[in-house]
Amino acid sequence: MGNLNGSKVEFHKHRSMNIRSATKEDVPFIVAMIANDPLGKLREDYRDPLPLNYYEAFKRISEDSNQELVVIENQSQEVIGTLQLSFIPYLTYQGGIRAQIEAVRVHASYRGKGVGQQLFEWAIAKATKRGAHVVQLTTDKKRPEALSFYQKLGFKASHEGMKLHLTP
């Protein structure tokens with residue numbers, strides 16, 4: 001599979017990885033990574049065949065110019081990580097753009113090897129190029145290791161977030 005805009009990232013000096021736009025064929029691998037943790041297991045429906053609602057969501061994401069869903073591949077072109085980068089235009093900050101990082105996942109066998117850091121470096125560079133003035137994310141309080149990782153990347157817990165879950 002190709003790489004995104006010709007960008008290639010280096011991994012531990014002996015393995016190279018590509019970050020590229022996700023394709024429909026990547027959806028099962030992405031959902032498997034999202035479902036492969038204690039919180040994801042409670043809310044995702046990963047099975048074979050994958051329910052159509054995941055493909056419908058992928059279609060909406062891929063058709064929206066304010067969304068970037070990417071995967072990172074190892075040298076064997078296996079998907080080993082993913083994230084979604086959303087651009088939110090708004091009136092505050094003099095009509096600024098806010099970049100939101102969501103659904104960050106790295107395959108269990110690649111955690112702690114720099115894959116997540118490479119994804120974040122890509123996302124921050126993309127947000128900068130797009131003119132965003134801030135990159136933000138949320139993380140569940142039940143994921144202290146994720147919080148620690150984000151803090152090491154320079155993210156600050158500057159605001160208190162709140163959610164209201166809606167039932168259809």
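Among the listed residues ILE61, ILE30, identify the single one that is of a type in the set (Val, Ile, Thr) and over 28 Å from LYS113 (Cα atoms).
ILE61
Determine the pairs where a residue that is in contact (Cβ under 8 Å) with a residue 40 or more places away in the chain and closer than 10 Å to PRO28 by Cβ, located within the stretch 47-60, has a partner that is among the charged types (D, E, K, R) and surrounded by 10 or more Cβ atoms within 10 Å (Cβ to Cβ) with Cβ atoms under 8 Å apart, the partner being 6 or more residues away or on another chain.
none
Mind counting the residues in the stretch 99-122 that are farther than 17 Å from ILE30 by Cα and among the aliphatic types (A, V, I, L, M)?
Within the stretch 99-122, residues that are farther than 17 Å from ILE30 by Cα and among the aliphatic types (A, V, I, L, M) number 1.
Which condition number in (1) in a helix (DSSP H, G or I); (2) modelled with pLDDT under 95 is the one that LYS13 fails?
Just one mismatch for LYS13, condition (1).
Read through the list (1) surrounded by 12 or more Cβ atoms within 10 Å (Cβ to Cβ); (2) without any contact (Cβ under 8 Å) to a residue 24 or more places away in the chain; (3) basic (Lys, Arg), then give the number of the only condition that LYS126 fails.
(2)
Kindly provide the set of residues from the stretch 124-145 that are part of a loop (DSSP other than H, G, I, E, B) and more than 18 Å from ALA35 (Cα to Cα), ordered by number.
Listed by number, the residues that qualify are GLY131, ALA132, HIS133.
So which pairs qualify, if the first residue must be in the stretch 27-41 and within 12 Å of ILE80 (Cβ to Cβ), the second must be not in a helix (DSSP H, G or I), the Cβ gap must be under 7 Å, and the two must be at least 6 apart or on different chains?
Final answer for the pair search is PHE29/VAL79; ILE30/ALA22; ILE30/VAL71; ILE30/THR82; ALA32/TYR46; MET33/THR82; MET33/ARG105; MET33/HIS107.
The values are calculated or read from the model by the stated rules, or taken from the named source; none is laboratory data. Please read these numbers as outputs of a predicted model, since none were measured by experiment. Because the Cβ atoms are built from the backbone with ideal geometry, glycine has one as well, and the counts that use them run over all protein chains shown.
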